[in-house]
Every structure is written in C-alpha cells, then in structure tokens.
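Readers should treat all values here as calculations from the given coordinates under stated rules, not as data from a laboratory. Bear in mind the structure is a predicted one, so any value in this text is a computation, not a measurement. Reconstructed Cβ throughout: ideal geometry from the backbone, glycine too, with neighbour counts over all protein chains shown.
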C-alpha cells in the first residue's frame with residue numbers, strides 16, 4: 001500500500017508544474033488544479049474559487065507575463081513558495097506563488113504576491129476585462 005508523502009507529491013508536482021508553465025499547457029494546468037481550488041491574486045482582493053475560474057485566470061496570467069520564469073523555490077511538505085520574474089509589456093514583475101497541495105498532489109490553494117504596483121495595475125488593465133467577459137458567459 002502506498003503511503004502519502006507530502007514531500008514526494010510536491011516533488012512530482014514541481015516537475016510537472018515547471019513543464020506546464022514553460023509549455024503553456026492549459027489542459028495539464030486544469031488537471032493540476034483541485035476541483036475546489038482557491039486563489040488570491042492581483043487584481044482581485046476577494047478569493048476566487050473553483051477550477052474553471054482559477055484555470056481561466058491562471059491561463060490569462062501565463063499568457064500575459066512574458067519571459068515568465070521561476071528562479072527560487074522553497075518547500076515544506078505540501079507547502080511551496082516559488083519566486084518568479086517576467087515582464088508585462090515593458091514593465092518588470094517579481095512575485096511569489098504560495099501553493100498548498102492536496103493529497104492528490106493538486107493545487108488546493110494559491111496565493112500570488114507581486115510587485116511593483118505599476119506592473120500590477122498594467123496586468124489588471126489587461127486581465128480584468130477578459131475575466132469579466134468570462135464571468136458574464138459562465
């Protein structure tokens with residue numbers, strides 16, 4: 001019988017997550033999310049919940065941030081912190097993804113912290129109208 005190991009699940013997740021992000025694999029991104037996943041991310045103050053909406057938002061963010069790359073990561077069991085960088089147009093962005101995995105090795109919770117403010121505003125200008133359109137047609 002296999003025993004759940006948060007560290008082993010996180011290692012497997014990280015290998016697949018880096019592939020998903022680098023390849024913009026939206027189908028695999030959906031599978032990496034728990035059905036009841038939650039996200040706290042700019043430009044939204046309130047948490048968003050559920051695979052469809054989180055998948056759509058992450059897809060827009062992956063599409064919008066150019067040259068996105070992770071360059072440091074920390075792991076404590078099923079808790080991960082991944083530091084990233086990239087560009088939104090001509091603006092630099094730096095941030096951290098705080099990820100909690102469930103027992104199936106899927107993202108249960110994701111909090112995205114970003115800076116600087118001008119880049120967050122620009123990201124919001126790009127992403128928010130597309131999210132509003134998505135939400136209208138749900």
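Label-to-label distance, residue 35 versus residue 63, with points set 7 angstrom from Cα along the beta-carbon direction: 2.7 nm.
Using only DSSP helix segments of four residues or longer, with each worth -39500 (n - 2.57), what per-residue ellipticity at 222 nm results for the chain after dividing by its residue count and rounding to 500?
Working: 4 runs with 58 residues, N = 138.
Result for the chain: -13500 deg cm²/dmol, rounded to the nearest 500.
In the Gaussian network model of the chain, springs joining C-alpha atoms below 10 Å, which of 117, 100, 38 carries the largest mean-square fluctuation? Greatest mean-square fluctuation among the candidates belongs to 117. All distinct Cα pairs of the chain go into the 1/r average, and the inverse of that average, the Kirkwood radius, is 15.3 Å. Between helix 117-136 and the chain there is an angle of about 80 degrees, using the helix long axis and the longest principal axis of the Cα atoms.
Relative contact order for the chain using alpha-carbon pairs under 8 Å, separation at least 6, rounded to a whole percent?
Numbers: 232 pairs, mean separation 34.1, N = 138.
This gives 25 percent for the chain.
R0 = 25 Å: FRET efficiency of residue 100 with residue 134, Cβ-based, nearest 0.05? FRET efficiency, residue 100 to residue 134: 0.55. Mind telling me which of 90, 34, 81 comes out most flexible in a GNM of the chain, alpha-carbon contacts under 10 Å? For the chain, modelled as a Gaussian network with Cα springs under 10 Å, the answer is 90. At a Förster radius of 25 Å, what calculated FRET efficiency corresponds to the Cβ-Cβ distance of residue 75 and residue 27, to the nearest 0.05? The calculated FRET efficiency here is 0.45.
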